[in-house]
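First up is the structure itself, then whatever we jot down about it.
Nothing in this text is a laboratory measurement; each read-out follows from the coordinates by a stated rule. Since the structure is predicted, the reported quantities are computational estimates derived from the model, not experimental observations. Quick reminder, even Gly has a Cβ in these numbers, built from the backbone with ideal geometry, and neighbours come from all protein chains shown.
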Amino acid sequence: MAKTGTTTQGLRAAIERSGYYPALVAEAVEAAVGGEPIVSYLVHQETTFDANEVRRHVTVLVLTGNRFIVSHTDEQAADGTSPSPYATTSTESVKLQRISSVVLSRVVANPESYTPGTLPREVVLTIGWGAVNRLDLEPAACGDPNCEADHGYTGSSTADDLSLRVSEAGDGPDTVRQTLAFAQALSEATAATPDTGR
């Protein structure tokens, strides 16, 4: 379930409502935010099924006046490294001027009869700041089907630091609205932030 808002108390309440190790998640996120005022936030919990195990994951996104903070918390079953179940939480703080892209993909039903303001069926928010890049390569070829020359490789590099998918069916319409609101706030903040050459 995603929640968006603008206060520290609201952020803590959203984390608590997610029900996913709220004390652990809140402590990590609040330490990363420090004393900065919060412009917007989004709390998204995702449940996945792995063989006969249910795994939960929570992502917390926070926008301040100067930074974008992302926190991930995952739970793990007991394994060879730990005799008891455990959780891993991480936070990353990114200066707004480092954000290179905010991509919001919308999926709408019946596009021929789309009415402005209609909620998308699902949205995917992708944010890039250069920490992770994916490189896809394939052999290059020419138009001659009989050519046996080595033309090297061709490919593309894609910034893929964070991708968050929410759907109306799986997460509810409020979650979709809140993701749209956070994406707009982040996009506006990065547009207003001068590029200092990183």
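Structure above, values below:
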read-out	value
Cβ-placed point charges (K, R +1; D, E -1), dipole of region 1-97 about Cα centre in debye, nearest 20	380
Simple Cβ-charge dipole of the chain, Lys/Arg +1 and Asp/Glu -1, about Cα centre, in debye nearest 20	840
Protection proxy ranking of 171-178, 73-80 - average other beta-carbon atoms within 10 Å, highest first	171-178, 73-80
Which labelled figure in (i) 66, 52, 38; (ii) 57, 44, 39; (iii) 66, 50, 43 is Cα extents along the principal axes in Å, once derived from the coordinates	(iii)
